[in-house]
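The values are calculated or read from the model by the stated rules, or taken from the named source; none is laboratory data. Predicted, not measured: the structure shown is a model, and the values here were computed from it. Cβ sites come from the backbone with ideal geometry, for glycine too, and all protein chains shown count toward neighbours. Just the protein is used for accessible areas: all its heavy atoms, side chains included, with ligands, DNA and RNA removed. Shrake-Rupley method; radii C 1.70, N 1.55, O 1.52, S 1.80 Å.
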Amino acid sequence: MASRNARRLRALARVLRGEAAVTAATREALTALLQEAARALSAAGYDTSVLDARWPAWRSVVDAKVVPAIEDVFLSAFSESARGAIDPSVYATRHLEAVHSRLVGVSDGVFDSMRLALEEGRQLQEGIPSLAARVDALLADDERWTGRARTIARTEVISANNAGALASARATADLLGVEAGDVARQWLATGDGRTRETHAEADGHVVVGQD
C-alpha cells in the first residue's frame, strides 16, 4: 500500500506539473495564432479565405514549447517505470509524432470560430469596423482560450503519462525476455477530484497481459 501511494503521489505531481507547463505553453501558442490570424484578416478586408494558410505562428510555438513540455511528462513517466538501461527516445518520438498531428489540427477550431463570428456579421450586413470588433472580441476572450488550453493540456498530459509508463513496461519486458502476455499491470487511480468512480474502484487491481 505504501509503495502504491508513493507511486500515486509521484504520478499526481508529474501530471500537475505537466498540466501547468502545457497549459501555459498552449495558451501562448493560441495567442500567437489568434494575433497572426487577426493581422491576416485585417489586411484582407476580413475575407476568411486567408485563414486557410495561416498557422505558422501556432506551429512554431507548438514545436518550441508545447511538444517539449509534453515530452517531459512522457520521459518522466518512462523513467519512473523503466528497469535497466533503456533508451526512451524511439518510444518518445513515436508518441510525439501523434501529439504533433493532433495539435496542428487545433488551429482549425480557432479559425472556425473566426469564420462563424464573421459570417454572422456579414449576414447582418456589418461593415469593416464591426467585423474588426468581432475579431477583437474573440482575441480578448481570455476565459475561452485559457479553458481551451487547459483542456488540451489535461488531455495530452494524461495521454503522455500513460503512454510513457506503458512504453517503459513494454521496453522492460523486451529487455528481460518476458512475453507480453505474462506482464502484470496494476491499475493506479490518480485520486484527485477528477477521478472517475469506476477508476477509483479499480485502484490496485492487477491484470496479466500488456494489452
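Assorted remarks:
- Condition met for Thr26 (of a type in the set (S, T, N, Q), open to solvent by less than 30 Å² (accessible area, probe 1.4 Å), in a helix (DSSP H, G or I) and touching a residue at least 40 places away in the same chain (Cβ under 8 Å)): yes
- Qualifying positions in region 29-43 - under 16 Å from Ser130 (Cα atoms) and open to solvent by less than 40 Å² (accessible area, probe 1.4 Å): Ala38, Leu41
- Asp87 being over 22 Å from the mean Cα position of the chain (by Cα) and within 30 Å of Arg8 (Cβ to Cβ): yes
- Filter result for Arg39 (touching a Gly at 6+ places or on another chain (Cβ under 7 Å) and either in a helix (DSSP H, G or I) or among the aromatic types (Phe, Trp, Tyr) (or both)): no
- From the options Ala98, Ala137, Ala133, residue that is within 25 Å of Glu28 (Cα to Cα), open to solvent by less than 50 Å² (accessible area, probe 1.4 Å) and either assigned to a helix (DSSP H, G or I) or of a type in the set (Gly, Ala, Ser) (or both): Ala98
- Among the residues of this structure, Tyr46 does not count as one that is aromatic (Phe, Trp, Tyr) and under 24 Å from the mean Cα position of the chain (by Cα).
- Matching option when the condition is farther than 27 Å from Ala165 by Cα and open to solvent by 20 Å² or more (accessible area, probe 1.4 Å), among Asp52, Asp72, Asp63: Asp52
- Within region 117-130, considering residues that are of a type outside the set (Asp, Glu) and under 31 Å from the mean Cα position of the chain (by Cα), the one surrounded by the fewest Cβ atoms within 10 Å (Cβ to Cβ): Ala117
- Residue pairs meeting the criteria (Cβ under 7 Å; at least 6 apart or on separate chains; first modelled with pLDDT of 95 or more, in region 97-121; second part of a loop (DSSP other than H, G, I, E, B)): Leu118/Tyr46
- Those residues of region 49-79 which are under 26 Å from Ala149 (Cβ atoms) and over 20 Å from the mean Cα position of the chain (by Cα), in sequence order: Val50, Leu51, Asp52, Ala53, Arg54
- Among the residues of region 113-151, the ones that are among the charged types (D, E, K, R) and under 12 Å from Leu34 (Cα atoms) come to 3 in all.
- Here Gly105 meets the list (1) touching a helix residue (DSSP H, G or I) at 6+ places or on another chain (Cβ under 9 Å); (2) open to solvent by less than 40 Å² (accessible area, probe 1.4 Å) almost entirely, failing just condition (1).
- Whether a residue is modelled with pLDDT of 80 or more and either within 20 Å of the chain's Cα centre (by Cα) or more than 30 Å from Val104 (Cβ to Cβ) (or both) was assessed, and Ala160 passes this test.
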